[in-house]
Amino acid sequence: MSMNLTRRELLKDLGLLGAGITLAPASIVGNTVFDWDNEQTPALSRPSWVRTADKPTMEIDWEKMQRYSEWRTTRGSFVEYVGKERDDRLTKLQTENLDRWLKQNKPGYTLKDRALGVATGQGSGAQGFLPPKDATTPEKLGVPKWTGSPEDAARMVTAAMRHLGAGTIGFVQLDTNTTEKLIYAQDPDKKEMKIADVDLPSEDDKTRVIPKKARWVIAWTIPMSQETMKTAPTVLCQLTTGLTYTLNRSLQLRLQYFLAGLGYLGLGEASTNALGISPAFGTMAGLGEMSRLNRLMTPEWGPITRVFKMVTDLPLAPTKPINAGMFEFCKVCKKCADFCPSKALSFDTEPTWQVRGPWNNPGHKAFFEDSTKCRAYWRQVGTNCGLCFTACPFGTKNHAFFHEFRNALASATPVFDGALKAVDDWINPGPANPELGNPFKDPEAWWRRTDLPIFGINTSSGLSEI
Amino acid sequence: MMWLILGLIIGAGGWWLVSWTRARKLGVRWYEWLLGALAVALALLAIQNYTAFLREMEPYAASVMLALLGVPGLILAALAVFLVWWRGRKSPTKSTA
Ligand code: SF4
Ligand code: SF4
């Protein structure tokens, strides 16, 4: 891992950091120095250094933005982008590598890693767009549907979802000229996502119909295990993503039952990553900011989380976007781009409106990635890699005071971002042996730990102590 | 619990140090007390970060933070002791504590 700083720059940064040490307590504790706007939404409790904002930190040109079709990402169109021949070669390579590493007992790719990987995908509830038909609705019970203010609804849904396993929860109101464009034009299975003036949702072979009256989106995170993630790019690392998707399938179904039980619609993701653009809804709901990864970065878990969403006709008080200085930090940091073995991530200092390919959706000023390079590397290691996530200074467990200090300082001002990144390079210098498939942290050490939290997640991170 | 014990140790240690320097009529100046207080603050930060990074299963980061915060703390503490000793060697003075 290169440090990208001359000694003179480093000393200057450390000098600035000294000044930062003096200022940080003010930003952690109070509001006077930096004109803090720590407005709390009715539903979500956030760390004290997270400021709400009227607009996301990433610029959006709503006029330019059009509804995007999910299947155009490399998830659905990789072969089209790289050609059949290269795809076949990569498939062969993936099979060979996984097979060889299994037989060699390569840490992170052993039989026990593979077995746990398969196990984490099991036992989830059925995943569907339409609400469950057998829900106990107020109608069946002979009572009127639940009513209350949008603020009451937001609080109630947040409480329910925390109990069901969500990390953070936010709400976006759909508007035809703006946020509605974040609903996919076509789902991963190429079904058209229609928004129509109908009373009930429907689905057939070609379309899914969202009633126009369903104007609210519930967006939520489910954090992943940082310790498991740190074994990237192995099978052991991948399975924390898999587990999160499995957990969410159950959560989504339960949320659909809950909303139906109140007398409202809950329209879910028909499959993984369906319905709408997750990082975009997460950003608009204030669950986090966009990042150099072109993914959501949260104040609580950094990028080590997954984002999900559901459309509903239950009126919910929208939560505001946030500014915790993280998107700004990315301009200086570039650590994920450095770590990325396929050099898929942007090294630009400023975000751009210029997309890198049809896998990106135009209309936002972002750090666009070359998704084909990333996917090709995934195929070589046979997993979903994740090395960039493990590199991120914000993807920490947040017990040490330094993390709190860094977060508060980065949120208050970008002046010290370079110095904070320099300290992170010292404490998180990267994998000792960055050979193909070699893990960032030792998977065998992970298997020796019997004291990791349930699902590997610190569920109280960023929330008030309970 | 660790912080309660550390608080008790620092409180008792501080009280003992003030009494001891007065009894010995050591001329401790305000800036020497300040250096000492900064050294204690850095030591506490070093301990917090060290133990917390170990809890985070990051032993390398724990050692780096221990060095980054602990070494300056030790230097400040040594400087404070040295200043008191140096002045005391040159001329016996009255306490300002
Ligand atoms: S997942 Fe791996 S290959 Fe893809 S961008 Fe991240 S580090 Fe690069
Ligand atoms: S590693 Fe650095 S540049 Fe990349 S997402 Fe994290 S903070 Fe941003």
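The values are calculated or read from the model by the stated rules, or taken from the named source; none is laboratory data. Values in this document were obtained by computation on a predicted structure and should not be read as measured data. When we count neighbours, we look across all protein chains shown, and the Cβ atoms used for this are built from the backbone with ideal geometry, even at glycine. These area figures cover heavy atoms from the full protein model, side chains too; ligands, DNA and RNA do not enter into them. Shrake-Rupley method; radii C 1.70, N 1.55, O 1.52, S 1.80 Å.
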Fill in the blank from the handout: For residue A:333, the accessible surface traced by a 1.4 Å probe with all protein chains present amounts, in square angstrom to the nearest 10, to 10
Fill in the blank from the handout: Volume per residue (Å³) of the convex hull spanned by the alpha carbons of the protein assembly as shown is 178
Handout entry: Surface accessible to a 1.4 Å probe, per residue, for the residues of the range A:177-287, Å²
Key = 29
Completion exercise
Cβ-Cβ cut-off under 13 Å around residue A:169, Lys and Arg +1, Asp and Glu -1: the net charge is +3
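Could you order peptides B:54-67, A:318-331, B:4-17 by the average number of other Cβ atoms within 10 Å of their residues, highest first? It would help to have the intermediate numbers written out before the result.
Details: B:54-67: 17.5, A:318-331: 23.0, B:4-17: 11.1.
Top to bottom by mean Cβ count within 10 Å: A:318-331, B:54-67, B:4-17.
How many Å² of accessible surface get buried when B and A come together, counting both sides, probe radius 1.4 Å, rounded to the nearest 100? Don't skip to the end; give the middle numbers.
On the way: alone 7070 and 20330 Å², together 26080 Å².
Counting protein atoms only, the buried area is about 1300 Å².
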Fill in the blank from the handout: Expected sort for A:386-392, A:418-424 on mean C-beta neighbours within 10 Å, highest first, is A:386-392, A:418-424
Practice task
Pop the C-beta distance of residue A:163 and residue B:31 into the FRET formula with R0 = 60 Å and round what comes out to the nearest 0.05.
Solution key: 0.65
Practice task
Using a cut-off of under 19 Å, list every residue of the range B:42-69 whose amide N is near the label point 7 Å from the Cα of residue B:16 along the Cα-to-beta-carbon line.
Solution key: B:43-44
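With a 1.4 Å probe and all protein chains left in place, how much of the accessible area of the protein assembly as shown comes from carbon and sulfur atoms, in whole percent? It would help to have the intermediate numbers written out before the result.
Numbers: 15670 of 26080 Å².
After summing per-atom areas, the C and S share lands at 60 percent.
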Handout entry: For the range A:163-227 and the range B:1-50, distance of Cα centres in Å
Key = 58
Practice task
Work out which residues of the range A:393-408 lose at minimum 30 square angstrom of accessible surface when the other protein chains are put back, relative to the chain isolated, with a 1.4 angstrom probe, and list them by number.
Solution key: A:397, A:399, A:400, A:401, A:402
Problem - For residues of A:419-427, the mean tally of beta carbons on other chains within 10 Å - result: 2
Handout entry: Virtual paramagnetic centre 7 Å along Cα→Cβ of residue B:63, amide N under 15 Å, in the range A:415-447
Key = A:426-430, A:432
Exercise for the section: Positive end of the charge dipole of chain A (Lys, Arg +1 and Asp, Glu -1 on Cβ, about the Cα centre): tell me which of A:387, A:210, A:104 has its Cα farthest that way. Expected result: A:104
Problem - Label-zone membership for the range A:310-343, site residue A:149, 7 angstrom Cα→C-beta point, backbone N under 16 Å - result: A:315-319
Practice task
Amide H neighbours of residue A:165 under 5 Å, at least 5 residues apart or on other chains, H built in the peptide plane: list them.
Solution key: none
Handout entry: ³J(HN,Hα) computed for each position of the range A:384-395 - Karplus, 6.51 cos²θ - 1.76 cosθ + 1.60, integer Hz, glycine/proline x
Key = 9, 6, x, 4, 5, 5, 6, 6, 5, x, 7, x
